[in-house]
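Colleague: Pasting a structure here, questions to come.
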Amino acid sequence: MAARMGLKQKYHAMTRDLMWDSQEFDMKRVYPLIEKEGIILKDPSRWEDPFRMAYNQYVKVQAEKDLLYHAVRNAFEANEGHAKVVDARWYEGVKAFAIAVQPAEYQAHRLMAYIGRNIPIEAIRFATINQCLDELRHAQIEIKHYAHMSKKIDGLHAYAQTNENLWFNTVTKSFFEDALSAGPFEALVAIAFSFEYVFTNILFLPFATSAAAVGDDNFVAVGKSVQSDESRHMALGMSALKMLLEEDDRNVPIIQRWLDKWYWRAYRIFSVVATLIDYYPRIRPISWKRAFKTYVEDQVFEGLFKDFRKYGIRLPLHAEDSIKEKEHYSHAVMRILNHAKHVNAFRGFRLHPDDYEWLSSEYPDTFERYYAPFFRRMDDHVLAVATPGIPAICTVCQIPLEFPDPDNPTRFWTQYSEYNNKTYMTCSPGCKHIFEQEPHKYAQIWWPAEAYVSGEFGENLPDDLFKYFGFAPEEANEYYSSRDYERWLQYRKQLGLDQIFTGR
Amino acid sequence: MPNYLKDSNHLLIWPVFKEVTENDLFICNIGVRARYDMTGEELLQACVDAWQLDKDKKYRLRLIRPDQQVDIPPDTVIKEIGIRNGDPLEIISC
Ligand SMILES: [Fe+2]
Ligand SMILES: [Zn+2]
């Protein structure tokens, strides 16, 4: 080539100029879903991939990120990092993250491939392919992390089985199966906008900050490596949404409907993150309440949605409910986890006086009044709050039906719907609304509780379930009386870390 | 795979002990096996057993539907009452 190409030309030559329109086949047969959702596109080729990165640059950048993570992990292990964290109960939270988040990364890669396959717009296609590879990288880096954690910690030795079979993971599965069985544009709004743009900052920034505060530098490296791809993912979410809104006015009500649905869907899947920020770290740099205010209320509702008004887009239907729930979210979810802590791969734990103090001061209006009495029940008996059976779950988000109504926090928020001669329960008005838009879809759920009680995995509940879950009863339950805690204390003792120095 | 629901006389119901929904325990409905030919009283006993409640005390059972709540009569067979698979119920102390 004689003349040197500019960045834009070069990018075009290496990405979008490689596309062609089918001449042998009807385009509608090659892309059968493109008109199914009612989205109208007039001239989508004028849209640019927001990141404009060619593959060779992409590989170089990503390889550096991976190498950096592995260097940190090696150093962390060589320096007995696990013994040095401030309180190893933190790892019980990382296990919860392992079962909830990693499978989401893996599913997100499939979802991105699905979107790229079905939407023949160059800008979207190249960005989704990059993100598809990112998500696979995230899944693998996280699995590697758990494999190393597993050398020191219970609960992850049959990780693939546990993350597939534990009820907790059906929450993640239902989200991604819902998106994968939607049309490609809805899937794009679900993952790229609602999940990535609105919520991933709140997932990776506060939780990675918590990891740093408790001394888990290894997890900090995972979090940073993953988060470093998010700016690209957020840019895709934003430009895809703008494109759909600007291409034709008739798209606006469709997009609004998807935002109403997927905002709440993504918000519910992030519920466990509230507990990972507020409960598991013994030292907390930020509360869920503050993180939600900063990342969702200020940045998304007050910032972004104000710009969307010009298109006729309003806040998601149940935005207000999530704002009210921020005073309750982490406590209500930790309560749910404690009801089932004897059957989870990650343990619950008794709160210490410093935990009560922090929670009371961060949540002066709700913690002491509505939640502390529940946690104090476990002071004498760690299983004092265990559910006597297998709990019913929300037909949409699949979380046990134990969310309090934020306007009346001593009452359940559970909603009831009638469909096809059966009663369906949902956890909140947000999930009820989603159910009632597409009851035929949600009525098909695989309900783990129903399968368990029906005896699909054995007659003796919950004991028979452990084989299916891939871990033993000793790996569940209370952290501070567990063998993991005992081992961690021994480990510290060997290193002389159990000594306490006071005075000047 | 064995499945209790394969028998057409079988259903699962989802009772919750009302008291724990109103105090800080906040535990929700749990799955319990039932049969359509049970009486309301037998169904109540199955629910009391599942919740491990004090058998010396008296309870009644209420069916929850989106549009109404129905007290379950002890002597009627539950199929006749119209109880369906998946129904949520409340156990209430008398
Ligand atoms: Fe990811
Ligand atoms: Zn729900």
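Every number in this text was worked out from the coordinates using simple rules, so none of it is lab data. Values in this document were obtained by computation on a predicted structure and should not be read as measured data. Neighbour counts are summed over all protein chains in view; Cβ atoms, including those assigned to glycine, are modelled from backbone coordinates with ideal geometry.
Colleague: In peptide A:446-453, how many Cβ atoms from other protein chains are near each Cβ within 10 Å, on average? Present the calculation step by step, with values, prior to reporting the outcome.
Modeller: Details: counts 0, 3, 0, 5, 8, 5, 1, 10.
Mean number of neighbouring Cβ atoms from other chains: 4.
Colleague: Let me know the whole percent of all Cα-Cα pairs from the stretch A:258-391 that are separated by more than 18 Å.
Modeller: Values: 5227 of 8911 pairs.
Here the long-distance tail beyond 18 Å is 59 percent of all Cα pairs in the stretch A:258-391.
Colleague: To the nearest 0.05, how large is the calculated FRET efficiency for A:Glu80 and A:Thr294 if R₀ is 35 Å and r is the Cβ-Cβ distance?
Modeller: On the way: r = 35 Å, r/R0 = 0.99.
Efficiency, rounded to the nearest 0.05: 0.50.
Colleague: If a/c stays under 1.5 just call it rounded; otherwise compare a/b with b/c (prolate if a/b is bigger, oblate if not). Do that for the stretch A:38-100, with a ≥ b ≥ c from the square roots of the Cα gyration tensor eigenvalues. Don't jump to the answer; show the numbers that get you there.
Modeller: Details: a/c = 5.86, a/b = 1.98, b/c = 2.96.
Cα axes put the stretch A:38-100 in the oblate bin.
Colleague: Return A:Val189, A:Val226, A:Val61, A:Val396 ranked ascending by Cβ neighbour count within 10 Å, so the fewest neighbours appear first. Could you put the intermediate results ahead of the total?
Modeller: Values: A:Val189 27, A:Val226 24, A:Val61 12, A:Val396 30.
Ranked by crowding around the Cβ, least crowded first: A:Val61, A:Val226, A:Val189, A:Val396.
Colleague: Measuring from label point to label point, each 7 Å out along Cα→Cβ, what is the B:Met1 to A:Leu67 span in nm?
Modeller: Modelled inter-label distance: 4.6 nm.
Colleague: Another one. To the nearest 10 degrees, how steep is helix A:102-118 against the longest Cα principal axis of chain A, on a 0 to 90 scale?
Modeller: Orientation of helix A:102-118: about 10 degrees from the principal axis.
Colleague: If R₀ is 51 angstrom, what is the calculated FRET efficiency for the pair A:Arg376 and A:Lys36, using the beta carbon separation as r and rounding to 0.05?
Modeller: It comes to 0.40.
Colleague: Whole angstrom only: what separates the Cα centroid of the stretch A:466-503 from the Cα centroid of the stretch A:80-121?
Modeller: Computed from Cα coordinates, the inter-centre distance equals 24 Å.
Colleague: Just order A:264-275, A:487-498 by mean Cβ neighbour count inside 10 Å, highest at the front, would you?
Modeller: Going by the mean number of other Cβ atoms within 10 Å, highest first, we get A:264-275, A:487-498.
Colleague: Now a separate question. Rounded, prolate or oblate: pick one for the stretch A:429-478, where a ≥ b ≥ c are the square roots of the eigenvalues of its C-alpha gyration tensor, a/c under 1.5 means rounded, and failing that, prolate if a/b is larger than b/c, else oblate.
Modeller: Working: a/c = 3.87, a/b = 2.16, b/c = 1.80.
Because a/c hits 1.5 or more and a/b exceeds b/c, the stretch A:429-478 counts as prolate.
Colleague: What are the lysines whose alpha-carbon lies under 16 Å from the alpha-carbon of A:Lys144, with same-chain residues fewer than 8 places away excluded?
Modeller: Filter leaves A:Lys65, A:Lys95, A:Lys152, A:Lys224.
Colleague: Show log10 I(q)/I(0) for the protein assembly as shown at q = 0.06, 0.09, 0.10 Å⁻¹, two decimals, from a solvent-free Debye sum over equal Cα scatterers.
Modeller: Evaluating at q = 0.06, 0.09, 0.10 Å⁻¹ gives log10 I(q)/I(0) of -0.34, -0.76, -0.92.
Colleague: May I ask you to derive the FRET efficiency for B:Glu42 and A:Asn460 from their Cβ-Cβ distance with R0 = 25 Å, giving the value to the nearest 0.05?
Modeller: 0.65
Colleague: Also, quick follow-up: Give, as a single signed number, the net charge of other residues whose beta carbon lies under 12 Å from the beta carbon of A:Leu41, with Lys and Arg counted +1 and Asp and Glu -1.
Modeller: Surrounding charge for A:Leu41 is -3.
Colleague: Measure out, as a whole number of angstrom, how far apart the alpha-carbon centroids of the stretch B:1-34 and the stretch A:132-150 sit.
Modeller: Taking the Cα centre of the stretch A:132-150 as reference, the centre of the stretch B:1-34 is 37 Å away.
Colleague: Next question. For the stretch B:4-93, what is the Kirkwood hydrodynamic radius in Å, using each pair of distinct C-alpha atoms?
Modeller: Computed over Cα pairs of the stretch B:4-93, the Kirkwood hydrodynamic radius comes out at 13.2 Å.
Colleague: So how far apart, in nm, are the two label points at A:Lys467 and A:Met14 if each is 7 Å from Cα heading toward Cβ?
Modeller: Each label point lies 7 Å from its Cα, and together they span 5.4 nm.
Colleague: Still on this structure: Rank these for me by crowding, A:Ser361, A:Ser330, A:Ser322, A:Ser210, going from fewest to most other beta carbons within 10 Å.
Modeller: Listing A:Ser361, A:Ser330, A:Ser322, A:Ser210 from fewest to most nearby Cβ atoms yields A:Ser361, A:Ser322, A:Ser210, A:Ser330.
Colleague: On a 0 to 90° scale, report how tilted helix B:40-50 is relative to the longest principal axis of chain B, with both axes built from alpha carbons and the result rounded to the nearest 10.
Modeller: So the helix axis and the longest Cα principal axis differ by about 60 degrees.
Colleague: Additional query: For chain B, give the share of DSSP beta bridges that are antiparallel, in percent and rounded to the nearest 5; count only bridges with both residues there. Don't skip to the answer; put the middle values down first.
Modeller: Working: 13 of 17 bridges.
Rounded to the nearest five, the antiparallel share is 75 percent.
Colleague: Further question on the same structure: Please compute the contact order of the stretch A:357-504 in relative form: average sequence separation of alpha-carbon pairs under 8 Å and at least six residues apart, divided by the residue count, as a percent.
Modeller: 14 percent
Colleague: Residue separation times 0.36 nm, minus the C-alpha to C-alpha distance between B:Asp71 and B:Asn85: what's the value?
Modeller: 3.3 nm
Colleague: Once you average over the residues of A:412-422, how many Cβ atoms of partner chains fall within 10 Å of each Cβ?
Modeller: The mean count of partner-chain Cβ atoms within 10 Å per residue comes to 3.
Colleague: I'd like the distance between the alpha-carbon centres of the stretch A:34-69 and the stretch B:41-80, rounded to an integer number of Å.
Modeller: A separation of 57 Å, based on Cα centres.
Colleague: Calculate the mean, over all residues of peptide A:384-390, of how many other protein chain Cβ atoms lie within 10 angstrom of the residue's Cβ.
Modeller: 6
Colleague: So, one more: What ranking do A:Val300, A:Val222, A:Val252 get, fewest neighbouring Cβ atoms within 10 angstrom at the top?
Modeller: Least crowded to most crowded, the residues run A:Val252, A:Val300, A:Val222.
Colleague: Sum up the lysine pairs in the stretch B:4-93 that clear both bars: alpha-carbon distance under 19 Å and a spacing of 8 or more or different chains.
Modeller: Close lysine pairs found across the stretch B:4-93: 4.
Colleague: Determine the calculated [θ] at 222 nm for the protein assembly as shown from helices alone, applying -39500 (n - 2.57) to every DSSP H run no shorter than 4 residues and normalising by the residue count; nearest 500 deg cm²/dmol.
Modeller: Theoretical 222 nm ellipticity from helices: -14500 deg cm²/dmol.
Colleague: Can you pull out the GluC sites (Glu not before Pro) in the stretch A:266-321 whose DSSP state is coil and whose Cβ has at most 14 other Cβ atoms within 10 Å?
Modeller: none
Colleague: Quote to one decimal, in nm, the extra length available between A:Lys493 and A:Lys310 on full extension: 0.36 nm per residue of separation minus the C-alpha distance between them.
Modeller: 59.6 nm
Colleague: To continue, here is another question. Could you state the angle between the C-alpha long axis of helix A:55-78 and the longest principal axis of the C-alpha atoms of chain A, as a value from 0 to 90 degrees rounded to the nearest 10?
Modeller: 10 degrees
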